[in-house]
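The values are calculated or read from the model by the stated rules, or taken from the named source; none is laboratory data. Please read these numbers as outputs of a predicted model, since none were measured by experiment. Please note: Cβ atoms are built from the backbone with ideal geometry, for glycine as well, and neighbour counts cover all protein chains shown. Calculation scope for accessible area: heavy atoms of the full protein, side chains included, ligands and nucleic acids excluded. Shrake-Rupley method; radii C 1.70, N 1.55, O 1.52, S 1.80 Å.
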Amino acid sequence: MEKVTVFAPATCANVAVGFDILGFALNAIGDSISIERIDEPKVVITEITGTNENLPLDPVLNVSGAVLLKLIADHQLNFGFELSIHKGIPLGSGMGGSAASSVGALVGANALLDSPLSKNELLSYALLGEKVASGSAHGDNVTPCLFGGLTLTRSLDPVDVINIPVPEGVFAVILHPHYRLDTRLSRSVLKKDLPLADFVAQSANLAGFMAGCYSQDISLIKRSLKDVLIEPRRASLLPGFFPVKRAALDNGAIGCSISGSGPSIFAWVEGQEHADKVRREMVTALESEGLQCDSWVSEINRQGAFIL
Ligand code: HSE
């Protein structure tokens, strides 16, 4: 193959109870990246269209370019890649835009290698992209973007990523309020020291959420999807968050919290029609606060980034 186009899904990280370790991928939103093999060992980004036309074309400064330059150098490739990027994920939205940029580029380039790498090997390059983008190599967006589904990143060194089963019939609602929140700022409000009682409560909720996913126990998931550590500290950065969350829960959502570092908000809901009703109520609640948003109902993407 000389040229491929990849769909890289948006992702919701943290999932209320798994800060920096849980994330799930979405079918409804994502980036598409076309990649062609070229004769010289370099990266050329010909265009960036979509939600982020102002991203740098210089491959050293661009997340997709940076990870591919490292791939070329590490494997001493005698060829390179030409990229055309269409961003469907808004930058600074908390939907894994930088993860999709690096994972999409890597999955595409990998298909053009003479000896393709494993997904675990690609993951180390994708983490580098997260470091370039936000200063922190957290894996909770890149792992669901690469592997699909709901992932638990138990360890990055050595890589230990576990796919957690999502009960059938669960849909995600995503709201993207029209303001931007930088991941560095959103991380800076988090305290390093945590009260022991909060740690105990969050551990109990994480364990309950895991058990609920494995046993398809929606009621247990609902009781467990509660973030006592991160959401209370970040909510002040998200105008409209509490009314939107109230609307989701009052209308029967399984759970609702901040998507990644925000400002997007996700909810899990049983059934597509029900999810659409919850979406409408969440949008109305945000609009009542004088804020506009984009919104989606999405299936969970089960396969990760894939070649179209
Ligand atoms: N776990 C990261 C955070 C995700 O919440 O800062 C960033 O998208």
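Taking the helices alone, the chain has a mean residue ellipticity at 222 nm of -11000 deg cm²/dmol, built from -39,500 (n - 2.57) per DSSP H run of at least 4 residues and averaged over all its residues.
With the charge dipole of the range 170-299 set up from +1 on Lys and Arg Cβ and -1 on Asp and Glu Cβ about the Cα centre, the Cα lying farthest toward the positive end among the listed residues Ile218, Gln272, Ala201 is that of Ala201. One chain, two ends: Asp160 and Ala204. Fully extended at 0.36 nm per residue, the span grows by 13.7 nm beyond their Cα-Cα distance. Taking a ≥ b ≥ c as the square roots of the eigenvalues of the Cα gyration tensor, the range 71-163 is classed as oblate, since a/c reaches at least 1.5 and a/b does not exceed b/c. Solvent-accessible area assigned to carbon and sulfur over the chain amounts to 52 percent, based on a 1.4 Å probe.
When the surface is traced with a 1.4 Å probe over the full set of protein chains, Phe7 keeps roughly 30 Å² accessible.
Is the range 136-207 best put as rounded, prolate or oblate by its Cα gyration tensor, with a ≥ b ≥ c the root eigenvalues, rounded for a/c under 1.5, and otherwise prolate when a/b is larger than b/c, oblate when not? Rounded, because the longest to shortest axis ratio a/c is under 1.5. The range 173-202 and the range 73-130 have Cα centres lying 27 Å from one another. Taking the chain as a Gaussian network, where each spring joins two C-alpha atoms under 10 Å apart, which residue of Ile164, Ile258, Ile174 fluctuates the most? Greatest mean-square fluctuation among the candidates belongs to Ile164.
What number comes out for accessible area per residue over the range 167-272 if the probe is 1.4 Å? Units Å², please. The answer is 45 Å² per residue. Excluding ligands, DNA and RNA, the accessible surface per residue across the range 1-158 is 35 Å² with a 1.4 Å probe. Its relative contact order, with pairs defined as Cα atoms under 8 Å and 6+ residues apart, puts the range 170-299 at 41 percent.
Measuring max minus min along each principal axis, the C-alpha atoms of the chain give extents of 58, 40, 37 Å (largest first). Around the Cα centre of the chain, unit charges on the Cβ atoms of Lys, Arg, Asp and Glu (plus for the first two, minus for the last two) sum to a dipole of about 760 debye. Expressed to the nearest 5 percent, the antiparallel share of DSSP beta bridges inside the range 44-164 is 50 percent. Here the extension length gained between Arg233 and Val60 equals 58.9 nm, from 0.36 nm per residue of separation less the Cα-Cα distance.
Between Ala73 and Leu185, the FRET efficiency from the beta-carbon distance, with R0 = 25 Å, is close to 0.20. Note on the range 158-251: Kirkwood hydrodynamic radius from all Cα pairs is 15.7 Å, rounded to one decimal.
Amide H contacts for Asn27 (H built 1.01 Å from N in the peptide plane; partners 5 or more residues away or on another chain; cut-off under 5 Å): Glu299, Asn301.
With the charge dipole of the range 1-76 set up from +1 on Lys and Arg Cβ and -1 on Asp and Glu Cβ about the Cα centre, the Cα lying farthest toward the positive end among the listed residues Leu61, Ala13, Ala73 is that of Ala13. Bridge orientation summary for the chain: considering DSSP beta bridges with both residues in this region, about 85 percent are antiparallel.
In the frame of its principal axes, the range 1-151 has Cα extents of 46, 30, 27 Å, reported largest first. If r is the Cβ-Cβ distance from Ser215 to Ala28 and R0 is 25 Å, what FRET efficiency results, to the nearest 0.05? After rounding, the FRET efficiency stands at 0.40. With the simple model of a label 7 Å out from the Cα in the direction of the Cβ, His178 to Lys131 spans 3.8 nm.
The dipole here belongs to the range 170-299: it is taken about the Cα centre, uses +1 on the Cβ of Lys and Arg and -1 on the Cβ of Asp and Glu, and is about 460 debye.
Using the Cβ-Cβ distance between Arg302 and Lys277 with R0 = 22 Å, the FRET efficiency computed as 1/(1 + (r/R0)^6) comes to roughly 0.35.
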